[in-house]
Amino acid sequence: MRRILLTGILWCSIASVYAQADIQKLKPAVKAAAKKMNDALVKKDLRAFVSTTYPKVVESTNGGLDKLEKELEAQLKNIEASGTTITSAWPGEVSNIIDTAGEYQCTIPQYMKMKMKDGVLQTETTLFALSPDKGKTWYFIDATEKPLDKWRIAFPNLSSKHVIKPAPEPKFTPNK
């Protein structure tokens with residue numbers, strides 16, 4: 001009986017390791033989804049950009065995607081009025097994907113360059129990437145505003161295993 005129990009535990013452990021390895025194969029899909037989101041922002045395809053917002057964020061917004069799109073449009077107009085334009089945005093490397101709360105989750109750095117009147121500003125933020133359909137669709141939340149414990153108050157389904165590193169200071173390169 002003891003041997004059967006130990007064999008069962010061993011098989012469960014092996015299955016868990018293989019399942020985690022299979023999940024990690026989704027990293028290129030996460031990065032591709034983040035790139036698509038970033039490209040939409042640079043091209044000012046705001047509907048495509050806001051459609052990558054995590055559905056629970058959209059649900060909590062009075063007015064849904066339409067309101068998010070209008071708010072983003074206003075923010076971009078204010079930025080551009082000051083002589084700043086987003087020239088490029090791209091994702092970094094995906095963290096380990098975690099299977100938790102019925103969805104896949106990870107973090108991914110996001111880099112952005114903005115042309116300003118007197119130079120170029122480069123920023124780095126961290127995004128949560130979340131897939132409620134086990135990797136078919138990925139949604140994002142900018143995670144750099146606050147520490148993980150504060151995010152988990154708003155979204156209790158977020159894994160406590162995420163690591164959100166502090167955003168580095170933006171890098172400014174003046175015009176020559």
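Please treat every number below as a calculation from the coordinates, not as lab data. These figures come from a predicted structure and were not determined experimentally. As a convention, Cβ positions derive from the backbone with ideal geometry for all residues, glycine included, and neighbour counts pool all protein chains shown.
Our summary gives the chain a relative contact order of 18 percent, counting only alpha carbon pairs under 8 angstrom and 6 or more residues apart. Amide H contacts of SER88 (H built 1.01 Å from N, in plane; Pro and chain starts excluded): LYS113 sit under 5 Å, all sequence-distant by 5 or more or on other chains. With unit charges on the beta carbon (Lys/Arg positive, Asp/Glu negative), name the residue among GLY102, GLN75, ILE86 whose Cα is farthest towards the positive pole of the charge dipole of the chain. The one lying farthest along the dipole's positive direction is GLY102. Helix 2-24 axis versus longest C-alpha principal axis of the chain: approximately 20°, rounded to the nearest ten.
Report, in whole Å, the centroid distance computed from the Cα atoms of the range 116-167 and the range 35-72. Going from one Cα centre to the other spans 15 Å. In order along the range 72-77, the Karplus-derived 3J(HN,Hα) couplings, from 6.51 cos²θ - 1.76 cosθ + 1.60 at θ = phi - 60°, round to 5, 4, 5, 5, 5, 4 Hz, and Gly and Pro are given as x. Amide H contacts for GLN110 (H built 1.01 Å from N in the peptide plane; partners 5 or more residues away or on another chain; cut-off under 5 Å): GLY92, THR125, THR126, LEU127. Rounded to the nearest whole Hz, the Karplus-based 3J(HN,Hα) values (6.51 cos²θ - 1.76 cosθ + 1.60, θ = phi - 60°) of the range 108-124 follow the sequence 8, x, 10, 10, 9, 10, 10, 8, 10, 4, 10, x, 10, 10, 10, 10, 9, with x at glycine and proline. Every helix of 4 or more DSSP H residues in the chain counts as -39500 (n - 2.57), and over all residues that averages to -13000 deg cm²/dmol at 222 nm.
Cross-link partners of LYS171 among lysines, defined as those whose alpha carbon lies under 22 angstrom from its own and excluding same-chain residues fewer than eight positions apart: LYS35, LYS113, LYS115, LYS117, LYS146. Converting phi to 3J(HN,Hα) with the Karplus coefficients 6.51, -1.76 and 1.60 and the offset θ = phi - 60°, the range 26-37 yields 7, 3, x, 5, 4, 5, 5, 5, 5, 5, 4, 4 Hz in sequence order, with x at every glycine or proline.
Here the chain is treated as an ellipsoid with the same Cα gyration tensor; its semi-axes, largest first and in whole Å, are 37, 18, 14.
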